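Reviewing the structure listed below.
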Amino acid sequence: MKTYAKFGAIVLVVVGVLAWLALGGVSESKTYYKTISEVQKMGDQAQVKRVRVDGYVVPGSIVRNGAQVSFIMHQDPAKRAQDTTRLKVVYSGIDPLPDTFKDDAQAMADGKLGADGVFQANKIQAKCASKYEAKPQMKTDATRAGM
């Protein structure tokens, strides 16, 4: 009977540790994106919490310096010239930047705001959904090929 109790206790400890690790990992990776103005309004919280910020890359602002890439994001693509809501981002992650990361691309930067107001990103995602849609003529050609 003692062996069953020991085995049950070990299984209970292992399951407990796995559950604790799973819950800790989920809560740390759970971040919703914020706009640039929301990040700037967060104040000191943006320096402590991991934040994902969404915006558009200002044309001509991408500067590559070795493994580090810096750029400026703005909030509203329709009012790019008048949009004063901007955020300087410095990316020094290990993953290469996506091919769709270029001027005027919608991008998400994941990281923390530095004390100097520069966003220190460790992950960059570029959005470009239209690039992955098939052209209308290609769709019809593909259906004919299947016949």
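Those residues that are surrounded by 14 or more Cβ atoms within 10 Å (Cβ to Cβ) and over 17 Å from the mean Cα position of the chain (by Cα), I need them from the range 77-103; list them, please. Listed by number, the residues that qualify are 83, 85, 86. Within the range 83-122, the set of residues being touching a residue at least 60 places away in the same chain (Cβ under 8 Å) and either among the charged types (D, E, K, R) or under 17 Å from residue 59 (Cβ atoms) (or both) comprises 110, 112.
This table checks each residue for (1) modelled with pLDDT under 85; (2) within 19 Å of residue 32 (Cα to Cα); (3) surrounded by 14 or more Cβ atoms within 10 Å (Cβ to Cβ).
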{"position": "58", "(1), (2), (3)": "no, no, yes"}
{"position": "65", "(1), (2), (3)": "no, no, no"}
{"position": "74", "(1), (2), (3)": "no, yes, yes"}
{"position": "105", "(1), (2), (3)": "no, no, yes"}
{"position": "108", "(1), (2), (3)": "no, yes, yes"}
{"position": "111", "(1), (2), (3)": "no, yes, yes"}
{"position": "124", "(1), (2), (3)": "no, yes, yes"}
{"position": "129", "(1), (2), (3)": "yes, no, no"}
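The values are calculated or read from the model by the stated rules, or taken from the named source; none is laboratory data. Just so we're clear, the structure is a prediction, and the values are computed from it rather than from any experiment. Counting neighbours? That spans all protein chains shown, and the Cβs are built from the backbone with ideal geometry, glycine included.
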